[in-house]
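Here is the structure we will look at.
The values are calculated or read from the model by the stated rules, or taken from the named source; none is laboratory data. It should be emphasised that the depicted structure is a prediction, and the values quoted were computed from it without experimental measurement. Neighbour counts are summed over all protein chains in view; Cβ atoms, including those assigned to glycine, are modelled from backbone coordinates with ideal geometry.
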Amino acid sequence: MIRLLSAPSPSPLAMRSNHSRLWQILATGFTVLVLLISSALLITSAAAASKVLTEPVISVDTLERMLSKKAVAVLDLRPLFKEDKKTPLFAAGHIPGALPAPYGKFRGAKTNPGQLPNEKEFSAFLTSLGLQQNQPIVIVSEGKTGTDFGASARVYWTLKIAGFTDLAVLDGGFTAWLAAKKPVTTGMPTLEARPIEIRFDQSQVVTAEQIQALEKEGGLKDALLDARPESFYKGDIRYPAAARWGTLPGAKHFDSEEWFQPKTGLLKPIDSIRSIAQARGLLSSDDRISFCNTGHWAATNWFVLSEILGQSGTRLYPESMVAWSNAGLPMQNEPGRVTVLLRQLLGSGLPN
């Protein structure tokens with residue numbers, strides 16, 4: 001006969017000892033957790049405090065104050081010469097201390113300007129300007145129109161995914177600077193090269209393959225946002241480098257021009273911007289993909305939603321309709337064959 005022996009009951013003293021050890025472990029774990037959270041907050045606060053440019057958009061007055069302290073670098077995105085390729089543009093007048101950084105240096109080839117520049121060539125260009133990734137940089141476009149602002153937004157996005165952390169756009173660009181009668185200097189600056197080698201963060205670059213994959217998974221509901229004028233979206237006109245008319249399947253339309261004060265390159269007040277976004281259903285936790293013809297107007301929608309309104313789920317499809325249409329992928333709002341043939345014969349529907 002097997003006799004089962006029960007374990008002796010722990011003494012009250014042992015039980016108190018066990019409870020004490022348990023509370024010590026819990027207290028230690030809680031202390032470690034508090035320290036980790038505090039450290040993370042301190043690191044975040046230190047990073048925020050180290051940024052000179054605390055807002056993504058600044059005014060001409062703010063830029064002037066920063067320049068007086070030599071606190072920022074300024075990138076002038078205008079061409080070096082006017083359309084005749086002979087008459088100086090940048091050298092004829094620019095913001096004091098500005099660096100010549102033509103917009104084309106941040107883009108792909110004419111056949112697909114939405115592409116990112118070659119990393120090696122782009123690194124060499126940034127090296128020639130003497131730029132570093134932790135340097136405060138203000139981006140200045142011509143500033144006459146919302147389309148001009150799109151150049152600033154696209155350069156901001158390009159530098160951000162290249163690892164630059166302290167960036168801002170001048171509201172109204174060079175046009176606003178002139179209108180405020182701020183000082184202008186002439187000639188070409190002396191550039192001091194500083195070596196830099198960049199790699200683009202490809203996780204922030206949406207591709208046609210990713211869009212197709214999302215479509216198959218059913219994850220494109222209200223995700224695609226077409227930033228072009230409505231005539232492009234409806235398939236009435238197309239960009240010269242695009243193969244076809246129309247838009248991406250299932251895309252919603254929001255013309256990036258709506259963010260600007262009429263007939264200017266100045267953004268509307270932040271309250272108006274937020275109200276517009278709210279009314280159009282653009283304030284949500286959902287992921288969103290901004291596109292246009294070549295990732296230019298789309299960069300403005302990305303910039304406003306992501307950087308100004310904090311919609312971190314917004315990403316950019318830089319190659320946009322040019323790459324999509326030339327790849328023979330499905331389109332929406334595409335005109336019939338007869339209409340396409342007539343347009344091709346007449347040479348219409350091909351705006352600059």
The stretch 106-142, residues that are polar (S, T, N, Q) and within 17 Å of GLU197 (Cβ to Cβ): ASN118, SER123, THR127, SER128, GLN132, GLN133, ASN134, GLN135
Of the residues ARG199, ARG244, ARG228, ARG194, only one is outside any helix (DSSP H, G or I), touching a Leu at 6+ places or on another chain (Cβ under 9 Å) and either without any contact (Cβ under 8 Å) to a residue 60 or more places away in the chain or of a type in the set (Lys, Arg) (or both); which? ARG194
Could you run through the stretch 57-81 and say how many residues are in a helix (DSSP H, G or I), in contact (Cβ under 8 Å) with a residue 24 or more places away in the chain and of a type outside the set (A, V, I, L, M, F, W, C)? 2
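Conditions (1) surrounded by 16 or more Cβ atoms within 10 Å (Cβ to Cβ); (2) touching a Leu at 6+ places or on another chain (Cβ under 7 Å); (3) touching a residue at least 12 places away in the same chain (Cβ under 8 Å); (4) not assigned by TED's automatic domain parsing to the domain that holds VAL322, marked per residue:
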site: GLU83; (1), (2), (3), (4): no, no, no, yes
site: LYS86; (1), (2), (3), (4): no, no, no, yes
site: PRO113; (1), (2), (3), (4): yes, no, yes, yes
site: ILE137; (1), (2), (3), (4): yes, yes, yes, yes
site: THR147; (1), (2), (3), (4): yes, no, yes, yes
site: LEU159; (1), (2), (3), (4): yes, yes, yes, yes
For the stretch 215-237, give me the residue count where each residue is basic (Lys, Arg) and surrounded by 23 or more Cβ atoms within 10 Å (Cβ to Cβ). 1
From the list GLU319, GLU334, which one is modelled with pLDDT under 95, acidic (Asp, Glu) and in the same structural domain as ARG238 (by TED's automatic domain parsing)? GLU334
